[in-house]
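Asker: I'd like to ask you about the structure that follows.
The values are calculated or read from the model by the stated rules, or taken from the named source; none is laboratory data. No experiment lies behind these values; they were computed from the predicted model shown. As a convention, Cβ positions derive from the backbone with ideal geometry for all residues, glycine included, and neighbour counts pool all protein chains shown.
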Amino acid sequence: MTDTAVIAHDQVLHIHDLAVSRGAGPVVRGVSLDIPPGQITALLGPNGAGKSSLVLAVGGVLRPLSGSVVLRDSELTGRRPEKIRAAGVAIVPEGRRLLGDLTVEENLQVATYALSREQAAQGRARVLELFPELEKRMGIESRLLSGGEQQMLVLAQALVSEPRFILMDELSLGLAPVVLQRLIPAVRSIADSGIGVLLIEQFATVALGLATQVHVMDRGRIRFTGLASELRERPERLQSAYLLGGAALEPDQVRRGA
Ligand SMILES: Nc1ncnc2c1ncn2[C@@H]1O[C@H](COP(=O)(O)OP(=O)(O)OP(=O)(O)O)[C@@H](O)[C@H]1O
Ligand SMILES: [Mg+2]
């Protein structure tokens, strides 16, 4: 889909004025953003900005203080995670959380328990088309997979129920560059299939290469929004957005430990 495509309002996942509190206080302070179908929307920002908290609140894992998440005029805010998933919104939380002692096959089954046999078979066929590597690993305990294969399985779990939107939190964390290069076209083809993707990504260059719209979040708020196509031409604009938050632009220095 192009930058200028007109997308019907009711096809978009709307996050409006969302606020989330955790531990010491508010960590998401009135964030509004739209996730259109068939596009990759990037959410960047320094450590502690509130990106993961936003994803968890959209997915129903954290209960927002206020604000709303709306899809097709239907309010998802405050619903339980499985209801939000059933409404078509899947999240891939930060850190690969698999049931390590279960096989790849069993991990996929866990993700399809609420589906009919037919839906499960269809979803399974689709994810194996995207990640054929998993096919030969079906009988293996998931803890024995490589980091890249684990991330494919986590994505497969989110995709197997055929969501309309997927929020991906730091897919590249801890992955070797060559493995990340394998995942990038997969993310692209997920969006090309019509799914709206929110991509939280530590490597700004990867995000800019994939995204249509880019948001930079810091200290609980969206501080900057721009088109990736413009930022690719004028990366200094993104740099100043990061500098607002006191973090360096160098993508591999933006986050923890750097
Ligand atoms: N389990 C928790 N309990 C209390 N506070 C938390 C918890 N997890 C995160 N926080 C705090 O919430 C704020 C936002 O954290 P969050 O993880 O959402 O940021 P982030 O943008 O995802 O950062 P990162 O880039 O490091 O993943 C931070 O101040 C963090 O310390
Ligand atoms: Mg995070």
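Asker: Do you know which residues across the range 179-211 are of a type in the set (D, E, K, R) and under 13 Å from the mean Cα position of the chain (by Cα)?
Answerer: ARG188, GLU201
Asker: Only residues that are more than 16 Å from ligand 1 (Cβ to nearest atom) and on the phi > 0 side of the Ramachandran plot: list them for the range 71-95, please.
Answerer: Result: ARG72, ASP73, GLY78, GLY88.
Asker: With respect to ALA211, is the statement that it is more than 21 Å from LEU13 (Cβ to Cβ), touching a residue at least 12 places away in the same chain (Cβ under 8 Å) and buried (at least 21 other Cβ atoms within 10 Å of the Cβ) true?
Answerer: no
Asker: Considering only the range 62-71, I want to know if a residue exists there that is within 16 Å of ligand 2 (Cβ to nearest atom), in contact with a strand residue (DSSP E or B) (Cβ under 9 Å, 6 or more places away or on another chain) and either at pLDDT 95 or above or among the β-branched types (Val, Ile, Thr) (or both).
Answerer: Yes: the range 62-71 contains one or more residues that are within 16 Å of ligand 2 (Cβ to nearest atom), in contact with a strand residue (DSSP E or B) (Cβ under 9 Å, 6 or more places away or on another chain) and either at pLDDT 95 or above or among the β-branched types (Val, Ile, Thr) (or both).
Asker: I'm trying to understand the selection: among the residues of the range 172-192, which are small (Gly, Ala, Ser), without any contact (Cβ under 8 Å) to a residue 40 or more places away in the chain and farther than 15 Å from VAL92 by Cβ?
Answerer: Residue satisfying the conditions is ALA176 alone.
Asker: Which one is surrounded by the fewest Cβ atoms within 10 Å (Cβ to Cβ) among residues in the range 26-70 that are within 9 Å of ligand 1 (Cβ to nearest atom) and at positive phi?
Answerer: So, considering only residues that are within 9 Å of ligand 1 (Cβ to nearest atom) and at positive phi, the one surrounded by the fewest Cβ atoms within 10 Å (Cβ to Cβ) is GLY48.
Asker: Here's a follow-up. Looking only at the range 185-226, which residues are within 13 Å of ligand 1 (Cβ to nearest atom), among the small types (Gly, Ala, Ser) and at pLDDT 95 or above?
Answerer: Matches in the range 185-226: GLY220 only.
Asker: Of all residues in the range 158-184, which are among the polar types (S, T, N, Q) and either within 16 Å of ligand 1 (Cβ to nearest atom) or modelled with pLDDT of 95 or more (or both)?
Answerer: Across the range 158-184, the qualifying residue is only SER172.
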